Amino acid sequence: MIAEPITLIKQDGSIRSDEALKLDVGNIDGAGLFRDMVMARRVDTEAIALQRQGELGLWPSLLGQEAAQVGAARALQPRDVAFPTYREHAVAWCRGVDPVDLLGLFRGTTLGGWDPTANNFNLYTLVIGAQTLHAVGYAMGIVRDGDVGTGDPDRDRAVMVFLGDGALSEGETNEAFVWAAAQNLPVVFFCQNNQWAISAPYSVQSRVSVAQRAEGFGFRGVRVDGNDVFACLAASKQALDIARSGNGPTLIEALTYRRNPHTTSDDDGRYRSGAENDEWAALDPIDRFRRYLESTGQLDDALLAQIAEEENLLAERLRSGCRSLPNPSAESPFRNTYAELPAELDQQMTEHIAFVEAGE
Amino acid sequence: MNQAMTKMPIAHALNLGLRHAMEADSKVMLLGEDIGQLGGVFRVTDGLQKAFGPERVVDSPLGEAGIVGGAIGLAMAGYRPVCEIQFDGFVFPAMNQIITQLAKYHHRSEGTITVPVVIRIPVGGGIGAIEHHSESPEAYFAHTAGLKVVCPSSAQQAYDMIGLAIRSQDPVIFLEPKRSYWAKSNVDLNRTPQALDKAEIVRKGDDLTLVTYGALVPVALKAAEICHEEGRSIEVIDLRSLSPIDDATLIQSVERTGRLLVAHEAQRTAGLGAEVASRVQEGAFHSLLAPIIRVTGYDTPYPPSRLEEDWLPGLDRILDGVDRSFAY
């Protein structure tokens with residue numbers, strides 16, 4: 001029976017230790033994690049502004065979920081592969097994806113935006129839960145490559161797939177759990193339970209906690225405070241180690257809160273109260289971590305100023321980068337549909353280009 | 001070891017094709033329900049798990065979405081998965097993965113991700129089966145941009161085409177006419193295969209072009225033989241590729257014959273017959289001596305098996321169709 005989410009950093013910034021979840025906090029680059037969360041939040045803020053200016057059609061905000069994503073992402077080794085949903089902008093940041101590349105999908109210049117193999121960060125998947133099966137298949141590939149349980153850190157690798165609380169109701173997600181458990185696959189399911197699937201609160205999806213669902217399928221479930229970057233990091237490291245060593249999958253529930261609406265098109269005032277949001281604002285992950293860092297002397301004014309400067313440069317780059325994103329060519333859908341352009345599609349493309357050019 | 005020319009059923013030709021593909025490329029693997037220990041409910045994968053092991057011939061959990069979604073992930077990891085969907089009627093749980101993911105990944109990623117997945121599906125009726133075991137779902141796939149859709153009608157084609165499908169960089173829906181699984185014919189393992197996207201003229205003729213695919217090809221050939229005895233020369237074309245469609249071969253034929261009849265088991269409305277008819281009227285309009293005739297399944301769900309013989313387009317209905325064309 002899984003009860004309260006595990007916390008390692010208390011609200012006042014002090015550390016608590018936990019029997020189940022160990023983390024050598026002295027050996028962690030705390031300032032780095034802080035920077036990651038701050039920068040990711042700034043990407044998010046700028047993207048919302050860009051949407052309001054009409055530069056993006058839509059943006060799904062991650063406000064409030066920075067600790068969950070940075071904690072998970074910083075547990076990944078370079079050769080591990082991450083499968084995001086469409087909200088993992090902080091994971092993208094940690095994986096080294098240029099944040100400008102995240103914008104194209106929402107600007108309408110692309111349906112993808114980056115090379116998944118460059119940073120082992122798959123494209124965003126908009127069909128809820130579909131990526132859980134891709135992650136499972138990829139993990140099957142890793143097993144067949146022999147890159148599990150060798151003990152060699154340069155060989156062993158795992159897959160981490162991100163999903164939300166809503167995805168747990170999709171059949172395919174549950175099928176992914178079946179496969180992962182039955183085949184003991186090296187996959188970590190990292191669920192940010194931000195408690196809302198558009199207007200559906202978690203109670204619409206399930207009567208038991210996310211983490212508890214794993215037990216029914218026959219694998220490990222862990223419940224952590226999703227606003228605690230250390231708890232998320234520790235749980236992710238632990239789960240990834242278990243996966244890489246050949247000891248199977250884990251479902252991590254990072255209990256957090258979606259502070260902004262589902263996307264910029266959503267009107268969340270219609271279904272939830274501002275009071276609930278205020279409660280969770282008081283539990284802000286960046287504020288809490290800041291208190292920890294300041295109390296341990298890891299964050300001083302100089303560093304804060306440096307990060308603020310970096311933030312502003314990033315914001316500027318996002319704005320100009322967004323506007324500079326190239327429109328796809330009229331030929332591109334035709335050329336991209338198949339590995340080689342079939343004769344008929346070539347003909348359709350020719351007709352289409354003639355039509356487009358005649359209109360110019 | 002390859003033999004020159006052997007007579008074998010389609011199921012064996014497929015088995016051999018799969019075996020040779022797996023021997024040639026260690027990344028080729030199979031997944032599906034009951035394909036390993038059992039060798040598949042139609043025995044198409046018989047002996048393959050024994051030969052290649054359970055990691056390469058995977059007995060999957062019971063879930064078609066998992067089979068296809070898992071295959072997509074395997075393809076991303078560099079493997080070449082060949083999925084088996086046990087029966088046509090059970091492909092529908094996999095439709096989300098097929099249509100929103102498999103068909104679209106190459107396009108979505110602007111060519112960065114290829115998903116060389118083959119999905120083998122036994123299709124069609126005429127086997128006295130219960131519900132969901134006699135479907136013809138090809139139109140759903142042909143309508144989905146990003147998929148290739150093919151259907152062999154003979155053992156030679158089955159052997160050639162499964163190899164080509166596996167080597168294709170595109171996702172291929174590989175439809176196998178199940179009532180023909182045990183039909184034997186000659187297979188030359190060494191012949192150069194015909195391209196996957198080409199139709200095949202399986203009988204030359206001058207008076208009418210009869211286009212079909214899968215299990216109806218032998219029926220069409222029988223019809224052509226009867227017509228020949230009655231003084232009409234029928235050209236029978238096996239479509240082979242349902243997406244893309246080999247327009248050129250069809251149009252060239254109708255330009256000579258002036259008449260077209262398309263036959264398929266699938267329901268009439270929005271079936272492949274409509275697509276073929278549209279293309280041919282567009283490309284060979286002035287050559288047409290009669291309206292294009294379609295002989296198809298009716299617009300009902302597939303009936304109880306006691307009714308299927310009359311429901312399915314067969315020899316009699318195809319001959320009626322030929323007569324209707326010649327009434328003009």
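The values are calculated or read from the model by the stated rules, or taken from the named source; none is laboratory data. Please read these numbers as outputs of a predicted model, since none were measured by experiment. Quick reminder, even Gly has a Cβ in these numbers, built from the backbone with ideal geometry, and neighbours come from all protein chains shown. Note: areas computed on protein heavy atoms with side chains; ligands, DNA, RNA excluded. Shrake-Rupley method; radii C 1.70, N 1.55, O 1.52, S 1.80 Å.
What tally of residues in segment B:52-67 results from selecting those that are over 18 Å from B:Gln37 (Cα atoms) and more than 8 Å from every other protein chain (Cβ to nearest Cβ)? Outline the logic, then answer.
Residues of segment B:52-67 that are over 18 Å from B:Gln37 (Cα atoms), as a first pass: B:64-66.
Checking which are more than 8 Å from every other protein chain (Cβ to nearest Cβ) leaves us with B:64.
Result for segment B:52-67: 1.
Can you work out which of the residues in segment A:325-360 that are touching a residue at least 40 places away in the same chain (Cβ under 8 Å) and away from chain B (no Cβ under 12 Å) is most open to solvent (accessible area, probe 1.4 Å)?
Keep residues of segment A:325-360 that are touching a residue at least 40 places away in the same chain (Cβ under 8 Å), which gives A:325-328.
Remaining after also requiring away from chain B (no Cβ under 12 Å): A:325, A:327.
Details: A:Leu325: 32, A:Asn327: 128 Å².
Ranking the qualifying residues of segment A:325-360, first place goes to A:Asn327.
When you go through A:Ala180, A:Ala82 one by one, which is the residue that is closer than 24 Å to B:Pro93 by Cα and within 14 Å of chain B (Cβ to nearest Cβ)? So that I can check it myself, show each step before the final result.
Values: A:Ala82 fails: closer than 24 Å to B:Pro93 by Cα.
Result of the check over A:Ala180, A:Ala82: A:Ala180.
A:Asn193 fails exactly one of the following numbered conditions: (1) closer than 27 Å to B:Ile67 by Cβ; (2) touching a strand residue (DSSP E or B) at 6+ places or on another chain (Cβ under 6 Å). What is the number of that condition?
It is condition (1) that A:Asn193 fails.
Is it fair to say A:Ala75 is open to solvent by 20 Å² or more (accessible area, probe 1.4 Å), assigned to a loop (DSSP other than H, G, I, E, B), in contact (Cβ under 8 Å) with a residue 12 or more places away in the chain and of a type in the set (A, V, I, L, M)?
Numbers: open to solvent by 20 Å² or more (accessible area, probe 1.4 Å): no; assigned to a loop (DSSP other than H, G, I, E, B): yes; in contact (Cβ under 8 Å) with a residue 12 or more places away in the chain: yes; of a type in the set (A, V, I, L, M): yes.
It is false that A:Ala75 is open to solvent by 20 Å² or more (accessible area, probe 1.4 Å), assigned to a loop (DSSP other than H, G, I, E, B), in contact (Cβ under 8 Å) with a residue 12 or more places away in the chain and of a type in the set (A, V, I, L, M).
Give just the number: which of (1) within 24 Å of A:Leu283 (Cα to Cα); (2) in contact with a strand residue (DSSP E or B) (Cβ under 6 Å, 6 or more places away or on another chain) does A:Val81 not satisfy?
(1)
Quick one: how many residues across segment A:125-170 are without any contact (Cβ under 8 Å) to a residue 40 or more places away in the chain and within 18 Å of B:Ile72 (Cα to Cα)?
Summing the residues that are without any contact (Cβ under 8 Å) to a residue 40 or more places away in the chain and within 18 Å of B:Ile72 (Cα to Cα) in segment A:125-170 gives 5.
Can you name every residue in segment A:98-128 that is under 23 Å from A:Glu55 (Cβ atoms) and not in a helix (DSSP H, G or I)?
Within segment A:98-128, A:Asp98, A:Gly108, A:Thr109, A:Thr110, A:Leu111, A:Gly112, A:Gly113, A:Trp114, A:Leu123, A:Tyr124, A:Leu126 meet the criteria.
Can you name the residue in segment B:147-167 that is open to solvent by 20 Å² or more (accessible area, probe 1.4 Å) and either assigned to a strand (DSSP E or B) or free of Cβ contacts under 8 Å to residues at least 60 places away in the same chain (or both) and is also nearest to B:Leu18 (Cα to Cα) among such residues?
The qualifying residue nearest to B:Leu18 (Cα to Cα) is B:Leu164.
Could you tell me which of the residues B:Val58, B:Val82 is surrounded by 18 or more Cβ atoms within 10 Å (Cβ to Cβ), in contact with a strand residue (DSSP E or B) (Cβ under 7 Å, 6 or more places away or on another chain) and within 23 Å of A:Thr337 (Cα to Cα)?
Values: B:Val58 fails: within 23 Å of A:Thr337 (Cα to Cα).
Criteria check complete, one pass: B:Val82.
Would you confirm whether or not segment A:95-112 contains a residue that is more than 17 Å from A:Ala243 (Cβ to Cβ), open to solvent by 10 Å² or more (accessible area, probe 1.4 Å), within 12 Å of the chain's Cα centre (by Cα) and modelled with pLDDT of 95 or more?
Yes, the conditions are met somewhere in segment A:95-112.
Out of A:Tyr124, A:Tyr138, which single residue is crowded, with 23+ Cβ neighbours inside 10 Å, touching a helix residue (DSSP H, G or I) at 6+ places or on another chain (Cβ under 9 Å), more than 8 Å from chain B (Cβ to nearest Cβ) and aromatic (Phe, Trp, Tyr)?
Details: A:Tyr138 fails: more than 8 Å from chain B (Cβ to nearest Cβ).
Within the list A:Tyr124, A:Tyr138, the selection yields A:Tyr124.
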